[in-house]
Amino acid sequence: EKEFFPGLGAFLKDKKITGKKSQMFSLPVATKKGVKYLFFVGLGKTTTESATRECLREAMARIVRLAESAKVTSVAFVMPDPKKLHMTSEVVGQVTVIAMEMASYVFDEFITDTDAKKVALKDVTLIVPKTAVAATKKGVELGLSIAHAVNRARHWIDLPANKLAPKDVADRAKKIAKEHGLKITVFGEDQIEKMGMGGLKAVGMGSKNECQLVLVEYKTTKKNAPT
């Protein structure tokens with residue numbers, strides 16, 4: 001604040017930026033190293049963890065949108081106090097990266113004009129107290145695994161059938177199952193029809209590809225593990 005905007009507190013008060021839910025504000029600041037942007041997104045007041053998770057997810061997505069509109073590729077984010085969010089540092093780190101990674105997803109594989117492509121957010125720095133570094137890192141690692149898996153699935157869905165046919169997806173699933181020791185069953189078109197899934201077969205026919213139904217099962221060795 002002292003480096004970028006000494007009168008920031010008074011300025012935000014004048015602009016009635018109170019931190020209520022969904023409130024957004026972007027402030028460009030000229031420095032010796034060029035123009036920097038200060039982004040503010042309100043979380044509001046929540047009383048339950050589930051409500052706070054949703055507020056945090058929305059806030060992170062909005063920060064990504066603000067960064068994209070300002071065409072910046074690097075963001076440093078001051079993490080909110082986990083206690084005020086009714087969460088642990090680990091969960092806050094997890095929710096934060098999942099929301100930001102998912103909000104950053106864009107399907108632009110067939111856009112050849114580089115100027116038409118959205119500016120991607122490449123670097124994100126999370127600022128936390130020293131006592132919260134280890135727990136936050138643990139949450140970030142799990143969050144990245146989840147977000148990358150979700151975005152990979154979204155990418156496969158967005159690809160047209162001539163680039164990724166049902167059999168291709170089934171083959172990729174087989175590879176993943178083999179690598180991680182998962183049980184996998186793949187049903188072909190004849191089996192799908194016998195099971196009464198005519199709608200699924202019709203979709204496959206519409207894309208001129210034989211449909212596939214893939215069932216992947218994971219079973220933990222822990223006796224009391226939740227479903």
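The values are calculated or read from the model by the stated rules, or taken from the named source; none is laboratory data. Predicted model, so just to flag it, every value in this text is computed and none were measured. Positions of Cβ are backbone-derived with ideal geometry, glycine not excepted, and every protein chain shown enters the neighbour counts. These area figures cover heavy atoms from the full protein model, side chains too; ligands, DNA and RNA do not enter into them. Shrake-Rupley method; radii C 1.70, N 1.55, O 1.52, S 1.80 Å.
Points worth noting:
- Ligands, DNA and RNA excluded, the heavy atoms of Ile17 present near 40 Å² of accessible surface to a 1.4 Å solvent probe.
- Computing percent of Cα pairs over 28 Å apart for the structure here picks out one of (1) 49; (2) 34; (3) 43, namely (1).
- Computed over all pairs of different Cα atoms, the Kirkwood value for the hydrodynamic radius of the stretch 163-227 is 13.2 Å.
- Lys167, Lys223, Lys16, ranked by accessible area, largest first (probe 1.4 Å): Lys223, Lys16, Lys167
- Heavy-atom surface analysis with a 1.4 Å probe gives the chain a carbon and sulfur content of 55 percent of its accessible area.
- Degrees between helix 166-180 axis and first principal axis of the chain (Cα, 0 to 90, nearest 10): 70
- With each label modelled as a point 7 angstrom along the Cα→C-beta vector, the Phe107-Leu164 pair spans 0.8 nm.
- Taking every DSSP bridge with both residues inside the chain, close to 70 percent are antiparallel.
- Taking amide H atoms as placed 1.01 Å from N in the peptide plane, the amide H of Leu164 has no partner under 5 Å among residues 5 or more positions away or on other chains.
- The chain: calculated mean residue ellipticity at 222 nm from DSSP helix runs of at least 4, using -39500 (n - 2.57): -14500 deg cm²/dmol
- Local net charge near Cys211, Cβ-Cβ under 15 Å (Lys/Arg +1, Asp/Glu -1): -2
- Global form of the stretch 1-127, assessed from the alpha-carbon gyration tensor, a/c cut-off 1.5: oblate
- Taking every protein chain into account, the accessible area of the chain amounts to 68 square angstrom per residue (probe 1.4 Å).
- For the stretch 40-92 versus the stretch 175-215, the inter-centroid distance based on Cα atoms is 39 Å.
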